[in-house]
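Enquirer: Input: one structure, supplied below.
FYI, it's all coordinate maths here, none of it is from the lab. Only a predicted model underlies this, so the values are computations on that prediction, with no experimental measurement involved. Counting neighbours? That spans all protein chains shown, and the Cβs are built from the backbone with ideal geometry, glycine included.
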């Protein structure tokens with residue numbers, strides 16, 4: 001592994017105290033997201049946290065809502081997955097950490113992690129990592145529909161720095177069978193500036209075909225085709241949309 005920038009920790013070297021300090025500075029943004037999805041997650045429901053990092057989103061969600069159900073957290077970066085497992089151990093819910101990434105195929109590939117201390121900037125989109133002092137890390141990814149997870153989620157959170165369409169491609173066969181359909185909170189990377197924007201739109205169109213509508217986290221309706229920058233979007237199944 002290549003070293004990070006002088007004095008900077010990376011996703012592969014940070015400890016849990018350092019990671020929590022990083023994310024605590026961003027707590028307000030996580031609380032906004034947690035409050036936006038709280039109406040859609042029963043206290044005893046099921047949460048899928050895809051791109052869990054060290055588990056901070058789930059931690060904040062539990063704190064804000066009193067969630068005590070089942071949580072599945074997916075994180076492929078080895079050190080982050082280890083820290084996520086430690087976070088999960090302290091949660092007052094039934095939390096399982098899956099040390100893999102979700103994608104459109106079962107594979108081993110490289111994810112690129114930031115070398116400048118930004119623990120939230122880890123991407124599988126090589127075109128966006130090029131020339132940005134990113135460190136390649138080998139990870140395992142898998143299609144969700146091959147994992148034999150039988151829990152049906154009430155809420156799916158996806159924060160995967162541009163790999164949204166890959167996650168959804170491997171999950172859509174299952175989503176189509178779930179009843180009721182889950183609400184999906186998805187960070188859409190770069191909007192129309194995404195290097196694979198047509199593939200992103202195809203995945204979002206597949207959700208629309210299942211009856212999903214789209215809003216911003218403040219409740220305003222949004223057309224994903226109009227996105228021009230990274231944006232958090234709620235995919236809400238009708239008639240709740």
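Enquirer: In Å, what is the Rg of the alpha-carbon atoms in the range 7-128, and how long is Dmax?
Expert: Rg, Dmax (Cα atoms, Å): 14.4, 43.
Enquirer: Hey, how much of the P(r) for the range 102-222 falls beyond 24 Å, as a percent of Cα pairs?
Expert: Values: 2192 of 7260 pairs.
Result: 30 percent of Cα pairs exceed 24 Å.
Enquirer: So for the chain: antiparallel DSSP bridges make up what percent, rounded to the nearest 5? Provide the component values of the computation, followed by the final result.
Expert: On the way: 21 of 41 bridges.
Given both bridge residues lie in the chain, the antiparallel proportion sits at roughly 50 percent.
Enquirer: What translational D, rounded to a whole number of µm²/s, comes out for the range 49-108 from Stokes-Einstein when the hydrodynamic radius is the Kirkwood one over Cα pairs, at 20 °C and 1.002 mPa s?
Expert: Working: Rh = 11.5 Å.
My calculation gives 186 µm²/s for D.
Enquirer: At what distance in nm do the modelled label points of residue 199 and residue 148 sit from each other, each positioned 7 Å from its Cα along Cα→Cβ?
Expert: Inter-label distance under the simple model: 2.9 nm.
Enquirer: Which of rounded, prolate or oblate describes the range 1-73 when judged by the alpha-carbon gyration tensor and an a/c cut-off of 1.5? Intermediate values should be presented prior to the final figure.
Expert: Details: a/c = 3.15, a/b = 2.15, b/c = 1.47.
Since a/c reaches 1.5 and a/b is larger than b/c, the shape of the range 1-73 is classed as prolate.
Enquirer: Tell me what the chain gives for mean residue ellipticity at 222 nm when only DSSP H runs of n ≥ 4 count, each as -39,500 (n - 2.57), the sum divided by the residue total, rounded to 500 deg cm²/dmol.
Expert: -8500 deg cm²/dmol
Enquirer: Which distance in Å, rounded to a whole number, links the C-alpha centroids of the range 66-82 and the range 178-200?
Expert: Each part reduced to its Cα centre gives a spacing of 20 Å.
Enquirer: Follow-up. Going by average Cβ neighbours within 10 Å, how do the peptides 176-186, 159-169 rank, with the highest at the top?
Expert: Numbers: 176-186: 18.1, 159-169: 23.5.
Per-residue Cβ counts within 10 Å, averaged per peptide and sorted highest first, yield 159-169, 176-186.
Enquirer: Looking at the range 135-241, send over the antiparallel percent of its DSSP beta bridges, to the nearest 5. Walk me through the numbers on the way to the answer.
Expert: Numbers: 11 of 15 bridges.
The answer is about 75 percent antiparallel.
Enquirer: Calculate the translational D of the range 159-241 in whole µm² s⁻¹ from Stokes-Einstein, where the hydrodynamic radius comes from the Kirkwood formula applied to all Cα pairs, the temperature is 10 °C and the viscosity 1.306 mPa s. Could you put the intermediate results ahead of the total?
Expert: On the way: Rh = 12.7 Å.
Taking Rh from Cα pairs, D becomes 125 µm²/s.
Enquirer: At 25 °C and 0.890 mPa s, grab the translational diffusion coefficient of the range 77-141 from Stokes-Einstein with a Kirkwood Rh over Cα pairs, rounded to a whole number in µm² per second.
Expert: Values: Rh = 13.1 Å.
The diffusion coefficient I find is 188 µm²/s.
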